Amino acid sequence: MSKRKRNSKNTYFWIFAAILLIMTVVIVVIIYKSPVLPKPSEYLSVSHSKSLGKFYSNTNEVQITHLGLDIIAIAGDAHSIVIQIDEGRIVGPSNLIDQPGNPIVIPFLSKGEKLPLEIDLQGCILPLESGKCIVHIYIGCSEAPGPEEILIEILKEDIVSFP
């Protein structure tokens, strides 16, 4: 084999090896630079404040018509917070939903800020077990995509009854 052919093959080999090495380095950098996003429950705190409801003693159920929640951005500023509730249909607050039944959208909440949220519901009838009921809330935001299910435990004494 002539020296020229060997040099040509060596050149192609080294060019191929260099391209392969550059691609490997680029892939490793991309993988290690991609951020690991937190869960919504690590980014936002959701807790129950007070609710308004009607108790049905014959069926041991409560109809929640007004659900009070406190939302706090704990890990940083939160944008486009979306809240959906499994039980019932959200009908308010009207400034945070575009039409009844749709999720609540909170445009912005700065880190550490507490937002008292009063949600009006239709058809939210929950069983009372051991003096409490559970509401299934789904939440997410731009910084911590969801939805992630959060269970909110409501004690019977935290529900203001109406006739």
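Every read-out reported here was derived from the displayed coordinates using simple, explicitly stated rules and does not represent laboratory data. Keep in mind it's a predicted model, so treat the numbers as computed, not measured. Here the Cβ positions follow ideal geometry from the backbone for every residue, glycine too, while neighbour counts run over all protein chains shown.
Points worth noting:
- Each residue of segment 89-94 was assigned a 3J(HN,Hα) from its phi angle through the Karplus expression (A = 6.51, B = -1.76, C = 1.60, θ = phi - 60°), giving 10, 6, 10, x, x, 5 Hz with x at Gly and Pro.
- Taking the C-alpha atoms only, the angle from helix 3-33 to the longest principal axis of the chain is near 20 degrees.
- Mean-position separation - Cα centroids, segment 143-162 and segment 90-123, in angstrom: 13 Å
- Mean projected area of the convex hull spanned by the Cα atoms of the chain, taken over all viewing directions: 15.5 nm².
- Residues in segment 65-75 carry Karplus couplings, in order, of 9, 9, 10, x, 10, 10, 10, 10, 7, 9, 9 Hz; the curve used is 6.51 cos²θ - 1.76 cosθ + 1.60 with θ = phi - 60°, and Gly or Pro positions show x.
- Around the Cα centre of the chain, unit charges on the Cβ atoms of Lys, Arg, Asp and Glu (plus for the first two, minus for the last two) sum to a dipole of about 1940 debye.
- Exposure proxy ranking, count of Cβ atoms within 10 Å, fewest first, for GLU113, GLU148, GLU157: GLU157, GLU113, GLU148
- Expected 222 nm ellipticity per residue - DSSP helices of 4 or more, -39500 (n - 2.57), all of the chain, to 500: -7000 deg cm²/dmol
- Computed label-point distance, nm, for sites PHE13 and LYS50 using a 7 Å Cα→Cβ extension: 8.2 nm
- Within a Gaussian network of the chain (alpha carbon springs, distance under 10 Å), most fluctuating of SER47, SER94, SER57: SER57
- Amide H contacts of LEU128: GLU61, VAL62, each under 5 Å away and 5 or more positions distant or on a separate chain (H built 1.01 Å from N in the peptide plane; Pro and chain starts excluded).
- For the pair GLU61 and VAL26 in one chain, pulling the backbone fully straight at 0.36 nm per residue adds 6.7 nm over the alpha carbon distance.
- Farthest positive-ward along segment 40-161 dipole, Cα basis, beta-carbon charges - from TYR56, VAL105, GLY146: TYR56
- GNM top mover of GLY131, GLY53, GLY76 - the chain, alpha-carbon springs below 10 Å: GLY131
- Look at HIS48, HIS79 and count the other Cβ atoms within 10 Å of each Cβ; fewest to most, that gives HIS79, HIS48.
- Relative contact order, whole percent, for the chain stands at 26, derived from Cα pairs under 8 Å and 6 or more residues apart.
- Segment 90-163, relative contact order in percent, only Cα pairs under 8 angstrom and at least six apart counted: 22 percent
- The amide H of HIS66, built 1.01 Å from its N in the peptide plane, has LEU52, LEU121 as neighbours under 5 Å, considering only residues 5 or more places off or on other chains.
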